[in-house]
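Here's a structure for you.
Please treat every number below as a calculation from the coordinates, not as lab data. Since this is a predicted model, take the numbers as computed values, not measurements. Positions of Cβ are backbone-derived with ideal geometry, glycine not excepted, and every protein chain shown enters the neighbour counts.
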Amino acid sequence: MNFWTNPIQMTADWLMGTLTGWGMTEVLASILTQLIGIVILISIMLVIDILLVWIERKVVARFQDRLGPNRVGPFGLIQPFADIIKLFIKENITPVGVDKVVYNLAPILSVFSVLILWAIIPLAPAIIGVDLNVGLLYLVAAGAIGTLSIIMAGWSSNNKFALLGAFRQVAAMVSYEIPMVITLLIPTVLAGTMGMLGISEAQGGMWYVFLSPLAALIFLISAVAELGRAPFDLSEGESEVVAGFHIEYSGMKFGWFYAGELLHAFTFGGFWGILFFGGYHFFGLENLGPLVAAAIVLFKALLGYWVIMWIKYTLMRIRIDHMLAFNWKFLVPLSLVVLIVTALLNTLLRDAPVWIMGLSMFLSNALIAWITVEILRGRSRTEREKAEGLAQPVAETVNH
Amino acid sequence: MTILFLITAVVILASAVMVVSSRNLVHAALWLVSALFGVAVLYAMLNAGFMAVVQVVIYIGAIAILFIFAVMLTRREMRDTGPGLNPNWWVSAVVSLLTFGGLAYLLSNWSGFSQTSADLPSGFDAVGALGDALISPDAYVLPFEVASILLVAALVGAVYIAFNPQNGDNHE
Amino acid sequence: MIPLSWYLILSAALFSIGLFGVLARRNAVAILLGVELMLNAVNINLVAFWRYLDPVQMTGQVFTIIVFAVAAAEVAVGLALVISVYRNRKTVVADELDMMKW
């Protein structure tokens, strides 16, 4: 194997050889090599994070029919660096009465819960941090740590608005974990494994978005709710609870929360691409080499991130009780129905030719979507008639 | 491997001691999170990777957050008042030391006390075998179903007990 | 290699610390924290026995999953009870909850 077919292994072997040549023991050399690999991965992620700040500001500007930052550097590319320098030199105000350890730990845990996700993302068949065979459950566990960091931030700020925003955000995140876990079971059922590499490999024939578009849609909705981005960002709305759980954070600590949120959105765009849009498969282009496959995965992650930004800058904010009712009364039953139908069809049609299974799954998803829309139309019709029934006498006095 | 076990054991026991002796209850709940995380690392060292991840999801992601919410909703004021321990805490200390001594003594009299672990058979798929054991009719499908009924009963019971009729019906 | 005795001693110690928490704490929520520690000690014991005695048979792990489910159910109902008691009596200190009426 030369460098271009297996870059990570070749680099690790070379490093181990050099270190043991200097006289280090095997165990220490392997630990040091793995540490260096982790540091390189985290550094690449944080540099991508800086670019994401620039992408976010340009894209939101274009959605709002303006130009975005274009003064600092060519096309405003130096803008995020200017932002970071500004955040670093700002004064770190720590309010009186905060719980110092918890207050300082919360932004660190928030970014920690995003960075550990990159250990299981398969950038190529040969480039993956660690191939856990319970990778999808690891994704949910990292989300749980993120939830913990938000409530730590909200409570330790010694501020009622922060606590209220944190409560709402955590209630929404814990509620939307359920449809996320249920829709994560659908690629598991279709691929037969929970490992990310296995799911990417199994999409060589047909991407899962064609087999189960409803699952992709529900995963996207619950991922946006997990991220705490609009339209589910009630806890961060300036007009509702000032800035939610990060009111009392200034300077680089707020920078960590902000950068962590953008990187989290990019990571979930990546997961959407890997789980439903084929991962590193792109009509055979990935066979050119692992670096091409990694570029394909990052490109799909950027596309997913663009869809998440599109949703954010188009839709309005949803009220907290509407958000929770939407989850418990609509998303959970719908995702359960999709899971049951997908599992049934997968078992019944396991030996049938591929195009029959694909077509029947797609048609079953379309049928479920149509039935849901019909039920919703019927409900909204009864509500509209009820509302119009009340307003009927007033309307009749107007001459036609 | 031994060093990792010793570090994890020290973290678990130190966090547990801080849980039971912290006066600030939110700190106690956060120390519980640290102890639970140490237990998850322990499961990973015992080749039970699925257990480790499920521990993080269920205990840290749901139960610890439930504890933090409950602590915040049951305080008379924002600060913590009063001693954390009973007046008779020394009796509890004696009882727990006796329990530990008794358990250690009983276990050390067992013949298999100091055995080392055999290697797992190669290609052993723990997650697949666990799935088979949970749903196969001559394995453990009945306890699995009874556990899910228990969870539904607990869900209904908890919602009913904690339901506040004052502000439970102000939407539609 | 790590002998089984280390895991068993660790879980016995964790169980005793949890027992101390249950018996000696005043706040009802803190008592439930001690119960959680005891349940985790039991789980460590079960998984260690699964790994060391017979890893091919999945009984230990199945038992552990049932204990996870039972612990979650017990915490949910217990904390609901504590919150309901707090609403009625305005206190969760175990020493002050000693009369059935008023």
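Return the average number of partner chain Cβ atoms within 10 angstrom of each residue Cβ along peptide B:145-154.
Numbers: counts 0, 2, 9, 1, 0, 6, 5, 1, 2, 10.
Taking the mean over all residues of the peptide, I get 4.
Another question, then. In debye, nearest 20, what is the charge dipole magnitude of the protein assembly as shown about its Cα centre with +1 on Lys and Arg Cβ and -1 on Asp and Glu Cβ, if you could check? Mind dumping the intermediate values first?
Numbers: 34 positive and 41 negative charges, 293 e Å.
The dipole of the protein assembly as shown has a size of about 1400 debye.
Now, a different point. Hey, how many Å between the Cα centroid of the stretch A:269-318 and the Cα centroid of the stretch C:28-77?
That distance is 39 Å.
How many angstrom lie between the C-alpha centres of the stretch A:37-72 and the stretch B:28-80?
35
On average, how many beta carbons from a partner chain sit within 10 Å of the beta carbon of a residue in A:101-110?
The shielding value for this peptide is 1.
I would also like to ask the following. Quick one: Karplus J couplings for the stretch A:149-166, per residue in order, coefficients 6.51, -1.76, 1.60, θ = phi - 60°, nearest Hz, x for Gly and Pro?
Result, rounded to whole Hz: 5, 5, 6, 5, 5, x, 6, 6, 7, 6, 8, 5, 5, 5, 5, 5, x, 5.
Report, by chain and number, residues whose modeled amide H sits under 5 Å from the one on B:S22, excluding near sequence neighbours (fewer than 5 apart, same chain).
none
Sticking with this one: Can you list the DSSP H helices in chain B whose Cα atoms extend at least 24 Å along the helix axis and whose mean Kyte-Doolittle hydropathy is 1.6 or higher? Numbers along the way, then the final one.
Values: long enough: B:2-21 (28 Å, 2.65); B:25-45 (30 Å, 2.04); B:89-108 (28 Å, 1.55); B:141-162 (32 Å, 2.25).
For chain B, where a helix must reach 24 Å along its axis and average at least 1.6, the hits are B:2-21, B:25-45, B:141-162.
Read phi for every residue in the stretch A:213-229 and hand back ³J(HN,Hα) as whole Hz from Karplus 6.51 cos²θ - 1.76 cosθ + 1.60, θ = phi - 60°, with x for Gly and Pro.
Karplus values, whole Hz, x for Gly and Pro: x, 5, 5, 4, 5, 5, 5, 5, 5, 6, 5, 4, 5, 5, 6, x, 9.
At 7 Å along the Cα-to-beta-carbon direction for both A:A369 and A:F112, put a label point, then send me their distance in nm to one decimal.
Between A:A369 and A:F112, the label points sit 4.1 nm apart.
Then there is this: For the pair B:S111 and A:I40, what calculated FRET efficiency results from E = 1/(1 + (r/R0)^6), where r is the Cβ-Cβ distance and R0 = 35 Å, to the nearest 0.05?
Details: r = 50 Å, r/R0 = 1.43.
The pair A:I40/B:S111 has a calculated efficiency of 0.10.
Does chain A come out rounded, prolate or oblate, given a ≥ b ≥ c as the square roots of the eigenvalues of its C-alpha gyration tensor, rounded meaning a/c under 1.5 and, failing that, prolate meaning a/b above b/c? List each step's numbers first, then the result.
Numbers: a/c = 1.94, a/b = 1.19, b/c = 1.62.
Note, shape of chain A comes out oblate.
Over chain A, with a Gaussian network built from C-alpha contacts below 10 Å, which listed residue (A:G97, A:G279, A:G244) shows the highest mean-square fluctuation?
A:G97
Let me ask another. Describe numerically, in nm with one decimal, the distance between label points set 7 Å from Cα along Cα→Cβ at A:A12 and at A:F299.
With each label placed 7 Å out from Cα toward Cβ, I get 2.8 nm.
Then there's this: Need one value for A:124-137: mean number of C-beta atoms belonging to other chains within 10 Å of its residues' C-beta atoms. Intermediate values should be presented prior to the final figure.
On the way: counts 0, 0, 0, 0, 0, 0, 0, 0, 4, 6, 8, 1, 1, 8.
The per-residue average across the peptide is 2.
Shifting gears a bit: Just to verify a number: FRET efficiency for B:A118 and B:L98, C-beta to C-beta distance, R0 = 41 Å, to 0.05? Don't skip to the answer; put the middle values down first.
On the way: r = 34 Å, r/R0 = 0.84.
With a Förster radius of 41 Å, E is 0.75.
Now for a different question. Would you mind getting me the FRET efficiency between A:V292 and B:V17? Use the beta-carbon distance for r and R0 = 60 Å, nearest 0.05.
On the way: r = 53 Å, r/R0 = 0.88.
It comes to 0.70.
Mark the label point 7 Å from the Cα of A:V354 along Cα→Cβ and return the residues of the stretch A:269-313 whose backbone N is within less than 16 Å of it.
Under cut-off, by backbone N: A:277-287.
The stretch B:84-168: which chymotrypsin sites (Phe, Trp or Tyr not before Pro) are DSSP loop and have at most 16 other beta-carbon atoms within 10 angstrom? Present the calculation step by step, with values, prior to reporting the outcome.
On the way: sites: B:W89, B:W90, B:F100, B:Y105, B:W110, B:F113, B:F124, B:Y140, B:F144, B:Y160, B:F163; in loops: B:W110, B:F113, B:F124, B:Y140, B:F163.
Sparse-neighbourhood loop chymotrypsin sites (Phe, Trp or Tyr not before Pro): B:W110, B:F113, B:F124, B:F163.
Here's something else I'd like to know. Name the long-range amide H neighbours of C:R25: under 5 Å, sequence gap of 5 or more, or other chain; modelled H, no Pro or chain starts.
B:N86
Provide the gained length on full extension for the span A:L336 to A:T314, in nm with one decimal, where the gain is 0.36 nm per separating residue minus the Cα-Cα distance.
In short, 5.1 nm is gained.
Run the helix sum for chain C: -39,500 (n - 2.57) per DSSP H stretch of 4+ residues, divided by residue count, reported at 222 nm to the nearest 500 deg cm²/dmol.
-27000 deg cm²/dmol
Here's something else I'd like to know. Using a basic spin-label model with each label point 7 Å from the Cα along Cα→Cβ, how many nm lie between A:N158 and B:T2?
Taking the simple label geometry, A:N158 and B:T2 are separated by 4.8 nm.
Given the options A:M357, A:W118, A:H322, identify the residue whose Cα lies farthest towards the positive end of the charge dipole of chain A (+1 on Cβ of Lys, Arg; -1 on Cβ of Asp, Glu).
A:H322
Whole-Hz Karplus ³J(HN,Hα) for the stretch A:347-354, in order, using 6.51 cos²θ - 1.76 cosθ + 1.60 and θ = phi - 60°, x for Gly and Pro?
Whole-Hz 3J(HN,Hα) from phi for the stretch A:347-354: 6, 5, 9, 5, 9, 6, x, 4.
Which of the peptides A:302-308, A:316-322, C:39-45, A:107-113 is most tightly packed, and how do the rest follow, going by the mean number of other Cβ atoms within 10 Å of each residue? Please report the intermediate quantities before stating the final value.
Details: A:302-308: 18.4, A:316-322: 13.1, C:39-45: 22.4, A:107-113: 20.0.
Packing proxy ranking, top to bottom: C:39-45, A:107-113, A:302-308, A:316-322.
As a test of the formula, what do you get for chain A when each DSSP H run with n ≥ 4 contributes -39,500 (n - 2.57) and the sum is divided by the residue count, at 222 nm and rounded to the nearest 500 deg cm²/dmol? Walk me through the intermediate numbers first.
Values: 15 runs with 279 residues, N = 400.
Helix-only estimate at 222 nm: -23500 deg cm²/dmol.
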